[in-house]
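The values are calculated or read from the model by the stated rules, or taken from the named source; none is laboratory data. Since the structure is predicted, the reported quantities are computational estimates derived from the model, not experimental observations. For neighbour counting, all protein chains shown are included, and Cβ atoms are generated from backbone atoms with ideal geometry for every residue, glycine included.
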Amino acid sequence: MSFIDSPRLTVIGTGYLGATHAVCMAALGYEVLGLDVDEEKIAKLASGESPIFEPGLPELLTKALDSGRLRFTTSFAEAGAFGDVHFICVGTPQQAGSDAADLTYVDAAVRGLAPHLDRRALVVGRSTVPVGTAERLTGVLRDLAPAGNDVELAWSPEFLREGFAVDDTLHPDRLVFGVASDWAEQQLRAAFKPVIEYGSPVVRTDLATAELVKVAANSYLATKISYINAMAEICETVGADVKDLADALALDDRIGGRFLKPGLGFGGGCLPKDIRAFAHRAEELGVGQSVSFLREVDKINQRRRARTVDLVGELLGGRVASARVAAWGAAFKPNSDDIRDAPALDVARTLHGLGADVRVYDPAALGNARRAFPELSYGESALDVARGADAVVLLTEWAEFREIDPDALGAVVAHRRIVDGRHVLKAERWRAAGWEYRALGRP
């Protein structure tokens, strides 16, 4: 087959995005070479060990390796010689001491790859970056690549949801192709051919718009989450019920119920740092007032964590010091082991700092939590950490927490007190079982 029909793909960066993308593209039938500068990570992937907790990914990794279509390397020279389309999938964390995005890894990936591009090739950014990054990197590529102007840069942002990343890669709700030529679009269509044939729509646009799509989407979702949490603050003041309010709003077709869920708020490696970086970049461009509301969105989100701590304190009659608290959850969301900016651990650490004896349990994130916060205590099950507890606080909405029987839990705790930080428990059922039940924004 010709190059356009079946391009060989490289994936630079094998973290959450890159590992998932590499494995799924190989599962779709492409020859894929994954690259990372972390030798330990590459060795684990090559042996079939997934670097992240993601449902369905370990099984696909094994199949892809067995098929011979997926390999891993630490060599940019090998990647340059192998690939026709090169995907940049490295992280863009928040800069230390600033709201700006740290582009160190993106720049290093492009600068590491470019000197080995001696024939026509397409480099595709998937990482979330400030608008204007692609234009700058286009110049870097053409300056450093032996093939010069025969190397093009495109931007195709990812829209993965942790816990659903495999399905979101194989069956995305849209593909955005930010390109500067018809040729670049053709290569991207070839690189996503099975996905497009499945029915995923394609939006072709320019580089700047493609960069904006991801941060605009995340900003909208963050705003919707913080909006209902702002309403929770009002409800707490006037004695209204934010859950009923959210249910009523969700029935309005203009609003809808998705992401209109009150509770502890958002965390993870995307929404918090992306809205801050977006606001920062807008201020650099002189249009900061256009997205100044994102600063308040961030503040509302942070206040939910502090208010959850307050609720625990209220249940304990103000006696937090020396109280035993069971913290259910460490990951920022269920079906993930990601603890980046996790609200759950923020609450647990704050309670620990106030003198509480906090014991944490999470079905997938205990290893990461122990390494990051060794000062906290951990247990092996939800009931284990609740044994003798003066209060239980549900912080990550794992299914096993939602399904726990209130009487079974009541048999092991010292006092039947629970804070539902995620609005996933049926208040009436728990109160009928003799529990003091509290939730953000509810009477």
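Grab the helices (runs of 4 or more DSSP H) fully contained in region 1-87, keeping just those with 1 or more residues being crowded, with 19+ Cβ neighbours inside 10 Å and more than 27 Å from the chain's Cα centre (by Cα).
Values: elements: 16-27, 39-46, 57-67, 76-82.
Passing ranges, in order: 76-82.
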Candidates 102, 173, filtered to the one that is free of Cβ contacts under 8 Å to residues at least 12 places away in the same chain and either more than 22 Å from residue 42 (Cβ to Cβ) or out of contact with any strand residue (DSSP E or B) (no Cβ under 6 Å at 6 or more places or on another chain) (or both): 102
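Can you list the strands (runs of 3 or more DSSP E) lying wholly within region 135-216 that have 3 or more residues being of a type in the set (A, V, I, L, M, F, W, C) and crowded, with 21+ Cβ neighbours inside 10 Å?
Qualifying strands (runs of 3 or more DSSP E): 151-155.
Does region 263-271 include one or more residues that are in the same structural domain as residue 394 (by TED's automatic domain parsing), part of a helix (DSSP H, G or I), over 22 Å from the mean Cα position of the chain (by Cα) and of a type in the set (A, V, I, L, M)?
From region 263-271, those in the same structural domain as residue 394 (by TED's automatic domain parsing) are 263-271; that's our starting set.
Within this subset, residues satisfying the condition of being part of a helix (DSSP H, G or I) are 271.
Next cut, over 22 Å from the mean Cα position of the chain (by Cα) only: none.
No.
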When you look at residue 331, is it touching a residue at least 60 places away in the same chain (Cβ under 8 Å) and surrounded by 21 or more Cβ atoms within 10 Å (Cβ to Cβ), yes or no? yes
Residue pairs meeting the criteria (Cβ under 7 Å; at least 6 apart or on separate chains; first more than 18 Å from residue 164 (Cβ to Cβ), in region 11-25; second outside any helix (DSSP H, G or I) and at pLDDT below 95): 14/51
Which of the residues spanning region 118-134 are buried (at least 20 other Cβ atoms within 10 Å of the Cβ) and not hydrophobic (A, V, I, L, M, F, W, C)? 125, 126, 127, 128, 130, 133
